[in-house]
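Let me begin by presenting the structure, written as structure tokens, before commenting on it.
The values are calculated or read from the model by the stated rules, or taken from the named source; none is laboratory data. This is a predicted model, so every value here is computed, not measured. In this analysis, Cβ positions are derived from the backbone assuming ideal geometry, glycine residues included, and neighbour counts consider all displayed protein chains.
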Amino acid sequence: MLNFSKINIILIYLIFFLISIFSVLNFQNKDNLILDKKVNLGLDLQGGSYLLLEINSDSLVEEKIQSKVIPIKKLLRENKLNYTDFKINKKNLTFKISDLEKFELFFFSRKENLINPYIDNYRAFELDYKKLDSNYVQVSLSKFGLLTINNSALKQSIEIVRRRIDDVGTKEPTILQRGEKRILVELPGLKDPERIKTLLGKTAKLNFRMVSENSEFGVDELISETGEPLKISKRIVMSGENLIDAQPSIQNQQNEPTVSFTLDRIGSQKFGRATTDNVGKRLAIVLDGKIISAPNINEPITSGKGVISGSFTFQEATDLALLLRSGALPTPLDVVEERTVGPDLGEDSIKSGITSLIVGFILVIFFMLYKYKIFGLVANIALIANLLMLVGVLTILEATLTLPGIAGIILTVGMAVDANVLIFERIKEELKTEKSIIHAFDSGYSKAKITVLDANITTLIAAIILFAFGSGPVKGFAITLGIGILTTLFTAYFLARHLTSMIILRKKNITLRI
Amino acid sequence: MTRNINFVSKFKKANIFSLIIFILSIIFIFFKGLNYGIDFKGGTLIELRTDTSINATVIRDSLKSMNLGDINVKKFGKEGDYLIKVEQKNTNNSNLIPEIKKTLADNLNADVDFRRVENVGPKVSSELLESSIIAISLALAAMLFYIWIRFEWQFSIGSIIALFHDVIITLGIFSVLSLEINLSIIAAVLTIVGYSMNDTVVIYDRIRENLLKYTKISISDISNLSINETLSRTIITSITTLLALISIYILGGEILRGFSFAMILGVIIGTYSSIFVASPILKFFKVSYKTLEKEEEKILP
């Protein structure tokens, strides 16, 4: 085990050099990048916000169920299926039916089935039904029907969340889908997530509706921004979908912040027609079911441009414009998990992490020197090489370093020497029976090999499981721990072994104490 | 110098001791329970810094008016740093954080800086708990499997009992001291599983080697010999690991304190269990060189 061919030696040091050189990249000048690779700092170290958002598709399910009412009734009537006691619930429809078998035939028909389309992707129907007692049936969305709704809502939501966050202008946000209903948002360097949370918490469904005492579509009673109760027609004159731009502006007369919007062609036509027909009446601007304002229509607006006023502060006007520009979310988003770290705490964490790393490192180094003298030096050189390689690999992978990740590095320092300790202790034992020092070292290395491997693989298994299950900071710990084990094996079995062999072969004739 | 300590003679006492501590731990975990943090219980955590030192009860009292439910306020590290924990209530108030900030600023007459805010909803917290339990179970299963492949089933059972011993007692101590269990403690427990296994494997490796070398000697003597032979390695590695961990515990800041404490406990318990739990089990199963030979035959008929 102590003989190294020239090629081996070259290879060992080349690998070491090539990997550890990457660690240097972390100290480059920002303006003069040789290679743009570095270890990223996790949110807990650089400060920032982690948000987990969940779509709430209840309203979409309700809409979907309601949209089925008329087609189903029509189908039943056309096919002379008698039904009674038809009830519309939030998540399902129930009714009593005379001929269940016949109903089933239509319900699960694959041909031009308008009420219950077949979803090819999932090979399943959109709706499902359940037999309740005595010929009552309950029609609800099937598992896959629900999945389809969630999927499309999630895709749209991610797009709109991205637009809103980009518009605020935070640096390097991460926006990812998580499972069927969730969106993960990471906003590094963000000091106060409240504004973003507020922006993401609004669906921003904008409607223009007439104020009217009675309307053939029915009326909603809403409270205006001034506290006045108003009856608003359910008919939507025009909605936010027709907006192509919205910007904050200042009304000249009162110096009041407002939002100016521009409509697309269809929107302009609709808006023009409605304002022409209703001069003198009031038009309510409704956002998420609340009236922003309900101004009088003084003259027809046919230019496709308009202004929304509503006693905003400038910040509110800016945010409203942003929301309108980015479009409405299909469903409300709930923040189900939030973790925010302020930048100064992050800095403190880096400081204390680095301090404990240095102190831990020095303690271990002195202990090894005290315990193993010259071979302690070998183990220490291996340890330094190990750290350089560990940071090198982290850089190559552009991994994220978190506070627990730093703890993982420190732990690696403590545990990495184990490989060398195992080997040295084994050599000590061999020296008792073996006269030749070279032989003792040789068999020490080969006998300890299996143990070192076994021992490290167990920790590696723990690290892999941590990586698979952990989130955020804990993942960072798993990464450094796992990579630390690999670099430990390399440095102990190649670098340290070569260094040891050099010492042994040079001091052939001297009795050695280990 | 090889020490020659008679470990085997102490196995019995050690096992009784372990068993008592183990059972006590289970009793504590079941009856006193674990002090779950917001990661697993849901709720809001705020680490705040004020420019003046305020009594923690003043902070608690000033929040009482908000009717937030159970509030826990404690000093956290430096002077003027506090940690507030608010119980999860069903009301989904998205403005909770700014409202708390405003209430505190109004009542305390001090600059209040929120350094860290964590908010975990009830659904997410139960998912986190579930996935943590799965992760620990999976880690134990993976270890069981690995040792079963590398050694024989008796070794596999021995090591897994030792791991259970370590995990339960660590959690038991956390229960007794009412220390918070959060995600980083779970990370520590998983690392303990890896570390303790590492220690056990080193001794088992030597036992296996000696079993084949000295076929005439009883498993008790083999265990004793193997433990003694690997003892200085066991001690040295524990010391270097503890040096690193103590450094994190003292200097690594408040956030890593629970984690490093769990790890320190785990390293000590894990080292103990490799010697006093994992080895006696081999004796219990009457492992001998024949056990190993049988396995060989199975693999190479």
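Is one or more of the residues making up the range B:217-238 closer than 26 Å to A:Gly405 by Cβ and either buried (at least 22 other Cβ atoms within 10 Å of the Cβ) or more than 8 Å from every other protein chain (Cβ to nearest Cβ) (or both)?
Checked against the condition, which is being closer than 26 Å to A:Gly405 by Cβ and either buried (at least 22 other Cβ atoms within 10 Å of the Cβ) or more than 8 Å from every other protein chain (Cβ to nearest Cβ) (or both), the range B:217-238 yields at least one hit.
How many residues are more than 30 Å from A:Leu176 (Cβ to Cβ) and of a type in the set (Phe, Trp, Tyr) when one looks only at the range A:50-81?
As a first pass, look at the range A:50-81 and keep what is more than 30 Å from A:Leu176 (Cβ to Cβ): A:65-81.
Filter again for of a type in the set (Phe, Trp, Tyr), leaving none.
Total satisfying the criteria: 0.
Kindly provide the set of residues from the range B:29-49 that are crowded, with 16+ Cβ neighbours inside 10 Å and more than 30 Å from B:Asp113 (Cα to Cα), ordered by number.
B:Ile29, B:Leu34
Would you point out which residue out of B:Ile147, B:Ile173, B:Ile203, B:Ile255 is hydrophobic (A, V, I, L, M, F, W, C) and either away from chain A (no Cβ under 13 Å) or at positive phi (or both)? Break it down stepwise before answering.
On the way: B:Ile147 fails: either away from chain A (no Cβ under 13 Å) or at positive phi (or both); B:Ile203 fails: either away from chain A (no Cβ under 13 Å) or at positive phi (or both); B:Ile255 fails: either away from chain A (no Cβ under 13 Å) or at positive phi (or both).
Checking each option against the conditions leaves just B:Ile173.
Within the range A:196-231, which residues are without any contact (Cβ under 8 Å) to a residue 60 or more places away in the chain and either of a type outside the set (Asp, Glu) or within 14 Å of another protein chain (Cβ to nearest Cβ) (or both)?
Selection gives A:Asn214, A:Ser215, A:Phe217, A:Gly218, A:Val219, A:Thr226, A:Gly227, A:Pro229, A:Lys231.
Taking the condition of being at positive phi and either assigned to a helix (DSSP H, G or I) or not assigned by TED's automatic domain parsing to the domain that holds A:Leu460 (or both), how many residues in the range A:387-418 meet it? Break it down stepwise before answering.
As a first pass, look at the range A:387-418 and keep what is at positive phi: A:398.
Still in the running and either assigned to a helix (DSSP H, G or I) or not assigned by TED's automatic domain parsing to the domain that holds A:Leu460 (or both): none.
Here the count works out to 0.
Of everything in the range B:1-28, what is of a type in the set (Val, Ile, Thr), modelled with pLDDT of 95 or more and surrounded by 12 or more Cβ atoms within 10 Å (Cβ to Cβ)? Give them in sequence order.
B:Ile21, B:Ile23, B:Ile26, B:Ile27
What number of residues within the range A:447-499 satisfy the criterion of being more than 24 Å from B:Arg206 (Cα to Cα), hydroxyl-bearing (Ser, Thr, Tyr) and assigned to a helix (DSSP H, G or I)?
So the answer is 2.
How many residues are among the basic types (Lys, Arg), modelled with pLDDT of 85 or more and within 12 Å of B:Thr44 (Cα to Cα) when one looks only at the range B:85-123?
Of the range B:85-123, the ones among the basic types (Lys, Arg) are B:85, B:89, B:101-102, B:115-116, B:123.
Now narrow it down to the ones that are modelled with pLDDT of 85 or more: B:85, B:115-116, B:123.
With within 12 Å of B:Thr44 (Cα to Cα) added as a condition, the list becomes B:85, B:116.
Result for the range B:85-123: 2.
Of everything in the range A:229-263, what is over 23 Å from A:Asn278 (Cβ atoms) and either among the hydrophobic types (A, V, I, L, M, F, W, C) or in contact with a helix residue (DSSP H, G or I) (Cβ under 6 Å, 6 or more places away or on another chain) (or both)? Give them in sequence order.
Let us first name the residues in the range A:229-263 that are over 23 Å from A:Asn278 (Cβ atoms), namely A:244-245, A:247-250, A:252-257.
A:Ile244, A:Gln247, A:Pro248, A:Ile250, A:Pro257 - these are the residues of the range A:229-263 that are over 23 Å from A:Asn278 (Cβ atoms) and either among the hydrophobic types (A, V, I, L, M, F, W, C) or in contact with a helix residue (DSSP H, G or I) (Cβ under 6 Å, 6 or more places away or on another chain) (or both).
Residues in the range A:164-194 that are surrounded by fewer than 14 Cβ atoms within 10 Å (Cβ to Cβ) and either in the same structural domain as A:Leu329 (by TED's automatic domain parsing) or in a helix (DSSP H, G or I) (or both): how many?
Qualifying residue count, the range A:164-194: 1.
Considering only residues that are over 30 Å from A:Ile410 (Cα atoms), among the aliphatic types (A, V, I, L, M) and touching a Ser or Thr at 6+ places or on another chain (Cβ under 7 Å), look in the range A:316-361 and name the one that is farthest from the other protein chains (Cβ to nearest Cβ).
Going through the range A:316-361, the residues over 30 Å from A:Ile410 (Cα atoms) turn out to be A:316-336.
Adding the requirement that they be among the aliphatic types (A, V, I, L, M) leaves A:317, A:320-324, A:328-329, A:333, A:335-336.
Those still in the list that are touching a Ser or Thr at 6+ places or on another chain (Cβ under 7 Å) too: A:317, A:328-329, A:333, A:335.
Numbers: A:Ala317: 20, A:Ala328: 18, A:Leu329: 14, A:Leu333: 10, A:Val335: 7 Å.
For the range A:316-361, the residue satisfying everything is A:Ala317.
Across the range A:120-149, what is the total count of residues that are in a loop (DSSP other than H, G, I, E, B) and crowded, with 19+ Cβ neighbours inside 10 Å?
Going through the range A:120-149, the residues in a loop (DSSP other than H, G, I, E, B) turn out to be A:120-123, A:126, A:132-135, A:142.
Subset that is crowded, with 19+ Cβ neighbours inside 10 Å: A:126.
Going through the range A:120-149 one residue at a time, the tally reaches 1.
Quick one: is B:Leu282 modelled with pLDDT under 90, crowded, with 24+ Cβ neighbours inside 10 Å, in contact with a Ser or Thr (Cβ under 9 Å, 6 or more places away or on another chain) and of a type outside the set (S, T, N, Q)?
On the way: modelled with pLDDT under 90: yes; crowded, with 24+ Cβ neighbours inside 10 Å: yes; in contact with a Ser or Thr (Cβ under 9 Å, 6 or more places away or on another chain): yes; of a type outside the set (S, T, N, Q): yes.
Spelling it out, B:Leu282 is indeed modelled with pLDDT under 90, crowded, with 24+ Cβ neighbours inside 10 Å, in contact with a Ser or Thr (Cβ under 9 Å, 6 or more places away or on another chain) and of a type outside the set (S, T, N, Q).
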